[in-house]
Amino acid sequence: GQIDVRPYMIVRVWVLAGSLLVAGSAAWLRFSPRVSRLVLNQIRSEIFPYAVSELLILSLLRVDVLIISLALGKEPVGLYAPAVSLINAVYLIPQAINGVMLPVLS
């Protein structure tokens, strides 16, 4: 019966932060990575363009649904949006492989 989204988002952020802390601690204890100043400087110089490109990709992922909703109305977008979600679900595994293997190969 809750209509407000704020409590849901607060709990979701806390769960995400907690799981990130646990996963980061476990990874640090298991692998004990060495931090190099050269690598940190390279990351700092390359993070902004990468973040901007990811933000643009995420913002353009669903722009087609917005265009169809504005051009054709509620019923066509009601048919199109689930179909796009299904196609995106099919590409989830190749995108995950790409996201893991691209940094390794680079």
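Tabulated values for the structure
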quantity: Only listed residue being part of a helix (DSSP H, G or I), farther than 24 Å from Q95 by Cα and either open to solvent by 70 Å² or more (accessible area, probe 1.4 Å) or modelled with pLDDT under 90 (or both), chosen from S69, S59; calculated: S69
quantity: Output for the stretch 93-106, where each listed residue is modelled with pLDDT of 85 or more and exposed (fewer than 10 other Cβ atoms within 10 Å of the Cβ); calculated: I93, P94
quantity: Qualifying positions in the stretch 2-48 - among the β-branched types (V, I, T) and in a helix (DSSP H, G or I); calculated: I10, V11, V13, V15, V22, V39, I43, I47
quantity: Residue in the stretch 31-45 that is open to solvent by 60 Å² or more (accessible area, probe 1.4 Å), under 22 Å from the mean Cα position of the chain (by Cα) and not polar (S, T, N, Q) present; calculated: yes
quantity: Single residue of the stretch 47-62 satisfying the filter (among the hydrophobic types (A, V, I, L, M, F, W, C) and under 12 Å from the mean Cα position of the chain (by Cα)) that is farthest from I87 (Cα to Cα); calculated: A51
quantity: Residue match in the stretch 72-92 (condition: without any contact (Cβ under 8 Å) to a residue 40 or more places away in the chain, open to solvent by 100 Å² or more (accessible area, probe 1.4 Å), of a type outside the set (S, T, N, Q) and in a loop (DSSP other than H, G, I, E, B)); calculated: yes
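The values are calculated or read from the model by the stated rules, or taken from the named source; none is laboratory data. Because the structure is predicted, anything quoted here is derived from the model rather than measured. Cβ sites come from the backbone with ideal geometry, for glycine too, and all protein chains shown count toward neighbours. Accessible surface is based on the protein model in full, side chains and every heavy atom, while ligands, DNA and RNA are left aside. Shrake-Rupley method; radii C 1.70, N 1.55, O 1.52, S 1.80 Å.
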